[in-house]
Amino acid sequence: MTSIRSMKKQWYDYLWIFSLSYLILGFINIMFAWLGLLCFFIPLIIAIIKGTKGYCSRYCGRGQLFSLLGGRFGLSRKKDIPGWMKSKWFRYGFLVFFFAMFFLMLWNTYLVFAGAQDLKQVVTLLWTFKVPWKWAYHGTLFHPGVAQFAFGFYSVMLTSTILGLITMVLFKPRSWCVYCPMGTMTQLICKARSGRNGVKLSS
Amino acid sequence: MTAVRSKRKAFVAQKDCVACGCCVKVCPFGAIRIIKGITARVDMDRCIGCGKCVKECPASIIEIREVCE
Ligand code: SF4
Ligand code: SF4
Ligand code: SF4
C-alpha cells in the first residue's frame, strides 16, 4: 500500500538558521566560532552511540542551507558531479587532508597557549589566503590561545562553506555532502560499528 | 483502495552511496531509508518510481528502472 507521508516541517528543519547565524556571527565576534564545535561533536556522538547518520539526514543546518540556496533560490546548475569527486579515494583523501589541516590548526593554537607564538587575527581561507579579521576581535577575558582557536575553527568552517557553495553552484545543491569530511567520517564510524557484514549491499 | 501502481522503481548504486539522507527527505512515500548510516535502501512496495530522489541525490547514484512484476 502506498501512502503519502506527512511532509510537515519539524523544528529541526529550521536548523539552517543556526548555520547561517553562525557564519554571520563570526564577522561580528570571532569568539562565537566556538559554537561550531557542536557541528563537530554532535554528528560524532550520534554515529558512535546510535550508529546512524541521523545528523546528516535530520539536523545538519549546513546541508539544509545548501538545499535551500541551490533548490528554492535556484543557485545551482543541478548537474551531476564528476565521477572522481564521489570516488572513495577522493572522499577519504579529502578527509585525511582536512584532518591534517585541522591538527595543524590545533598545533598553532597550542603554540599560542604555550606562549611560543603570538595571536594572529586572521581567518585563513582555503588553507592559503590569510584575510585580516581584526574587526571581529575585541580582546577577551580569556587567554589569547582561546581566541586563536576561534580564528582557526572559523577558518575551517568558512573554508568548507566556500567549497560547499562552489560545488553547489556547479553541481547539485548538496554536492558538499558527497565529500564532506564529517559525512564521510560518520559513515566510516557506522560501517565500523556494524562490522563488515552489517549491511548486505545490492546492485 | 487503489494505490498508484507502477512498475518503475528507484535503484540505488549502494556501494557509492554516501548516506547523506537527501533522498529520504524528498521521498513523498517514505519509500527510501538509510540503513545503519551506511547506505540508502528502497522499499520496493512503497516506491512508485516518481524520480524525486533521483533529482535530489547529490552523488547522482539513483536511477529509475522498469521492473517486471
Ligand atoms: S554530509 Fe556534511 S554537510 Fe552534508 S548533511 Fe552530513 S554533515 Fe551536513
Ligand atoms: S522514486 Fe519516488 S517513491 Fe521511489 S524512492 Fe524515489 S522519491 Fe520515493
Ligand atoms: S541521496 Fe544519494 S548518496 Fe545520499 S543517501 Fe540517498 S542515495 Fe545515498
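Rounded to whole Hz and in sequence order, give me ³J(HN,Hα) for the range A:56-66 from the Karplus expression 6.51 cos²θ - 1.76 cosθ + 1.60, θ = phi - 60°, writing x for Gly and Pro.
5, 7, 10, 9, 5, x, 5, x, 5, 5, 5
Quick one: angle between helix A:16-28 and the longest Cα principal axis of chain A, in degrees between 0 and 90, rounded to 10, please.
So the helix axis and the longest Cα principal axis differ by about 10 degrees.
First check a/c for the range B:6-68, with a ≥ b ≥ c the square roots of the eigenvalues of its C-alpha gyration tensor; if it is under 1.5, answer rounded, and if not, answer prolate when a/b is larger than b/c or oblate otherwise.
prolate
What angle do you read, to the nearest 10 degrees and between 0 and 90, between the alpha-carbon axis of helix A:144-170 and the longest principal axis of chain A?
40 degrees
With the cut-off at 1.5 for a/c, could you classify the range A:65-171 from its C-alpha gyration tensor as rounded, prolate or oblate?
oblate
For chain A, find the longest principal axis of its Cα atoms and tell me its angle to the long axis of helix A:38-50, 0 to 90°, nearest 10.
Long axis of A:38-50 versus the principal axis of chain A: about 40 degrees.
What FRET efficiency comes out for residue A:72 versus residue A:24 if R0 is 30 angstrom and r is the Cβ-Cβ distance? Round to the nearest 0.05.
0.95
Let me make sure I get this right: for the range A:7-110, a, b and c are the square roots of the gyration tensor eigenvalues over alpha carbons, sorted descending. Under 1.5 in a/c it's rounded, otherwise prolate if a/b > b/c, else oblate. Which is it?
In terms of gyration-tensor shape, rounded.
Kindly provide the helix-only [θ] at 222 nm of chain A, computed as the sum of -39,500 (n - 2.57) over DSSP H runs of four or more divided by all residues, to the nearest 500 deg cm²/dmol?
-16500 deg cm²/dmol
Just counting partner chain Cβ atoms within 10 Å, what average do the residues of peptide B:22-28 show around their Cβ?
The shielding value for this peptide is 5.
For the protein assembly as shown, treating each Cα as an identical point scatterer without solvent, what Debye log10 I(q)/I(0) comes out at q = 0.15, 0.16, 0.17 1/Å?
Once normalised to I(0) and log-transformed, intensities are -1.13, -1.25, -1.37.
With θ set to phi - 60° and the Karplus curve 6.51 cos²θ - 1.76 cosθ + 1.60, what are the ³J(HN,Hα) couplings of the range B:25-38 in order, to the nearest whole Hz, using x for Gly and Pro?
Residue by residue, the range B:25-38 yields 4, 9, 5, x, 10, x, 8, 10, 9, 9, 9, 6, x, 10 Hz.
From the cross-link list A:86/B:36; A:50/B:9; B:7/B:55; A:172/B:15; A:9/B:55; A:9/B:7, which pairs have alpha carbons spaced over 27 Å apart?
Beyond 27 Å: A:50/B:9; A:9/B:7.
Per the protein assembly as shown: cysteines with no other Cys C-beta under 4.7 angstrom?
A:39, A:56, A:60, A:180, A:190, B:17, B:22, B:27, B:47, B:50, B:57, B:68
What nm value, rounded to one decimal, do you get for the distance between residue B:67 and residue A:34 when each label is placed 7 Å out toward the C-beta?
Computed distance between label sites residue B:67 and residue A:34 equals 5.2 nm.
Using Cα centres only, tell me the gap between the range A:113-190 and the range A:53-106 in whole Å.
Computed from Cα coordinates, the inter-centre distance equals 14 Å.
Considering every residue in A:13-24, what mean count of other chain Cβ atoms within 10 Å of its Cβ is obtained?
What the average comes to for A:13-24 is 0.
Mind checking A:173-183 for the average number of partner chain beta-carbons within 10 Å of each residue's beta-carbon?
4
Coordinate-derived values only; no laboratory data. Everything quoted here is computed from the prediction, not taken from an experiment. Positions of Cβ are generated from backbone atoms using ideal geometry, with glycine treated the same way; all protein chains shown enter the neighbour counts.
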